[in-house]
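K.L.:
I'd like to ask you about the structure that follows.
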Amino acid sequence: QILPVAHTKIHPDQKLGESVQQLLLAKIAVYLMTFLIVTVAWAAHVRLFQVIELIDDVLALLNLACMMIITFLPYTFSLMASFPEVPFGIFLFSVCAVVIGLIQAVIVAYGFYHPHLLNQQIQVSENQNFYKHHILKIILRGPILCFLAAIFSFFFIPLSYVLLGLVIVFPHLTRFITWCKTKIVGQRDAEEEHHSLETFTFYLSEPLSKERVEAFSDGVYAIVATLLILDICEDNVPDPREVEEKFHGSLLEALSEYGPNYLAYFGSFVTIGLLWFVHHSLFLYVTKATRLMGLFNILSLAFIGGLPLAYQLTSEFAEKSHNEIEAIQVSCVITFFASIFQFAIWTTALLHERETLHPFARYGGKEHAFMFAKLALYPCVSLGAFFLTCLLSEFSTAIFHLMQIVIPFAFLALRIFVRISLTVIKFVMSLSRRKVILLEEEEACLSPTET
């Protein structure tokens, strides 16, 4: 899903007029929606293989067919983004989602027909039908909505987009409705349902494990970083004839023209690398990921996937683009949202710190202060760079590159700064405590003489 939006090219002599802005906004909006739909499908796939633990040849082939359709989704996304008012793109994307769901349903049916392939706890359970219906409900609710979107795409396209959006929010909407129902009706039904399953330790309704969330996140970061180097290999290798004719065979002189492109590449890669570093540091302290933390993580990854687009825009500085300010502001906005959702993960973890965080990272500790500072760095700097480019448009390029250069050194200096700040705070607090103790001693000494 990342590749089509990353390859959105705007020519240097082309201003970001309304038509170009609409194209860019349409691609970003469709990208975010389809990325989130793919994450819903990924979560369903994870649930599926929590139920089915052993794989035979038939399941391997069925899963391979499922992966083949999934890898075709970026092409359907390109059609949707390039032709948002043409129904065929939405129809093709929706049909692919339906086919993926049907293949996964066949995998479930085959697995329960051969119980030795199932999870050990389900094999010995007398309530296998419950697990079968539950996993089918998780797998098929998205494809059913996509099927309706495919039908309505030929009659009313906006309704198709609404139905595709429902695929994203439907799991959270059903949980919210269930929560409201338990609050209004009472806890009796929830307790009865829990009692019927209390003998089982395998719950399909639990949030995805921390390890799964980390593995998916690392995969997205790796893909985004790879796309950057593919772009620079594709677009920044000079033509041999041009080197011979224009630069008299001097490859070094020819490469010097691509200097800003290399600077944009290294800056974008450092941004991705440091955001991954912050993400990795954050999940080192996390013991369990809640649903809300998982949602914020997916939203952060969605904006991480937009960083190759930021590279494409800022690499045009070499060609004296008319869109420098707009390109920098788009890059700052993408970086801000990618990092602010990481900050939201940490804030959510603090709200349930006994359940989600290691004891040494909880509120009030040294690691808590350092983590807070690391997570706040990118949102503050990207937001500051955005407003500075609005006020000082003539220096927008210098401000942007300065931000990219300063942040790595800021990360190196951050721990020292936090330690010094904590030491100063402790020193000030110890002085105030000493003053209080001295005052109490003076009062204690004066009180007998007064009496």
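K.L.:
If you take every residue apart from residue 141 with its C-beta less than 14 Å away from the C-beta of residue 141, what net charge results, scoring Lys and Arg +1 and Asp and Glu -1? Show your work: numbers first, answer last.
P.N.:
Numbers: positive: 47, 137, 175; negative: none.
So the environment of residue 141 carries a net charge of +3.
K.L.:
Kindly sort 68, 33 by accessible area of their heavy atoms, largest first, with the probe set to 1.4 Å. Walk me through the intermediate numbers first.
P.N.:
On the way: 68 120, 33 30 Å².
The most accessible residue leads, giving 68, 33.
K.L.:
Holding the Cα-Cα limit at 28 Å, pick out from 374/426; 137/181; 288/426; 137/183; 132/181; 27/137 the pairs that are longer than that.
P.N.:
Numbers: 374/426 21 Å; 137/181 20 Å; 288/426 31 Å; 137/183 24 Å; 132/181 25 Å; 27/137 31 Å.
Over 28 Å apart, Cα to Cα: 288/426; 27/137.
K.L.:
If packing is taken as the mean number of other Cβ atoms within 10 Å per residue, what is the order of 275-285, 168-178, highest first? Write down the numbers at each step before the final one.
P.N.:
Numbers: 275-285: 18.1, 168-178: 13.4.
Result, highest mean Cβ count within 10 Å first: 275-285, 168-178.
K.L.:
Counting only other residues whose beta carbon sits under 14 Å from that of residue 64, what net charge do I get with K and R as +1, D and E as -1?
P.N.:
Details: positive: none; negative: 56, 57.
For residues surrounding residue 64, the net value is -2.
K.L.:
Next question. Taking H placed 1.01 Å from N in the peptide plane, check which residues at least 5 places from residue 357 or on another chain put their amide H under 5 Å from its amide H.
P.N.:
Here the answer is 287, since their amide H atoms fall under 5 Å of that of residue 357.
The values are calculated or read from the model by the stated rules, or taken from the named source; none is laboratory data. Keep in mind that what you see is a predicted model, and the values were worked out from it rather than measured. Because the Cβ atoms are built from the backbone with ideal geometry, glycine has one as well, and the counts that use them run over all protein chains shown. Accessible surface areas use protein heavy atoms only, side chains included; no ligands, DNA or RNA. Shrake-Rupley method; radii C 1.70, N 1.55, O 1.52, S 1.80 Å.
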